[in-house]
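Reviewing the structure listed below.
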Amino acid sequence: MKTKLTFLTIFLIVIFYICWGVPQLINIKTQNLLLSNLLFSIIFTGVIGCFIPIYFKNRFHWNYNKPSSNRIIGYLFLILAIIFSTILSGALFKVIELKYSWIIIIKYILLFFPMSLGIGLFAFLLIPNTLQDWTNNRFKGVLLIISISIFFFFSFYIDSLFQDLELAGSMGFIGLLLGLSYLFLRKFWIVYSGLFIIMLVNTLANNKYDEYKFWIVIISTLVSLTILMFDFIKNRKKRPYFFAHPKIKCKK
């Protein structure tokens, strides 16, 4: 079962990479920005990035969070990742200089919420649950961090269609810091929040998506939110009866 899950995860990551790279390639080769944006924002971020990992989460009864091993160290690595990628890189100061309007900032938030969510679900849900037992095995813990770092490296190397090795290296290092944060915190939503901030600030600094269609952004966000909502509702219904009634004890 573990071997099958490992190969399945590798296959899904390959699909993830392909669906990330194809819209970029279409944009460059055909200059069809609308088709590229639709594929990227709906098929990639919604179906591949969000639906698939959440489907496997429910299929194998995974949880978003695990008991933390060391919250202080975990938060330190998370803060370090944010500082390195936004302040030390100069991205935050560039965003301030650009003086974006609120409508553009909202568009970027709506655009990078589902995109960073897809990356986060693969990096901090699918990969950790594929490795298994990493919470009690130091070797697997190290393997988890390396795997997350490599995942980030190739994700952004493919995003640039193998042109920007410097960006890929930087994101690989950020993935390493976020992986270390997750290793100690073991809280998906906290580490994902750090990733979202990092991606949002750096993309605003590059003002790469200013002309992105607002309606595509809204649809992409709604697709991801709908998937999350159904996941929340489904798991809420599955909650054991005695959670709602603490006085009732489960019989041995």
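For this structure, a couple of remarks:
- Applying the criteria of a DSSP loop state and at most 14 other Cβ atoms within 10 Å to the chymotrypsin sites (Phe, Trp or Tyr not before Pro) of the range 33-112 yields F60.
- Taking packing as the residue-averaged number of other Cβ atoms within 10 angstrom, the listed peptides 201-213, 23-35 run from highest to lowest as 201-213, 23-35.
- Assigned charges on the beta-carbon of Lys, Arg, Asp, Glu; the range 2-228 dipole about Cα centre (debye): 680
- Adding -39500 (n - 2.57) for every DSSP H run of four residues or longer, then dividing by how many residues the chain holds, sets the calculated 222 nm ellipticity at -23000 deg cm²/dmol.
- Here the translational diffusion coefficient of the range 126-233 follows from Stokes-Einstein with Rh set to the Kirkwood radius across Cα pairs; for 25 °C and 0.890 mPa s it amounts to 156 µm²/s.
- Each residue of the range 85-90 was assigned a 3J(HN,Hα) from its phi angle through the Karplus expression (A = 6.51, B = -1.76, C = 1.60, θ = phi - 60°), giving 8, 10, 8, 5, 6, x Hz with x at Gly and Pro.
- Whole-Hz Karplus values for the range 91-96 come out as 4, 4, 5, 5, 4, 4 Hz, taken residue by residue from phi with 6.51 cos²θ - 1.76 cosθ + 1.60 and θ = phi - 60°; glycine and proline positions read x.
- Taking the longest Cα principal axis of the chain as reference, the axis of helix 214-237 is set at about 0 degrees.
- For the chain, the longest principal axis of the C-alpha atoms and the axis of helix 188-206 are separated by about 0°.
- Residue (of P53, N137, L98) at the positive-pole extreme of the chain, dipole from beta-carbon charges: N137
- Extent along principal axes [Cα atoms of the chain; Å; largest to smallest]: 63, 37, 34
- Angle between the chain longest axis and helix 2-30 axis [Cα atoms, degrees, rounded to 10]: 20
- Going from the fewest other Cβ atoms within 10 Å to the most, the residues F11, F113 appear in the order F11, F113.
Readers should treat all values here as calculations from the given coordinates under stated rules, not as data from a laboratory. On a predicted model such as this, the values are computed, not experimentally measured, just so you know. Glycine gets a Cβ as well: all are built from the backbone with ideal geometry, and neighbour counts include every protein chain shown.
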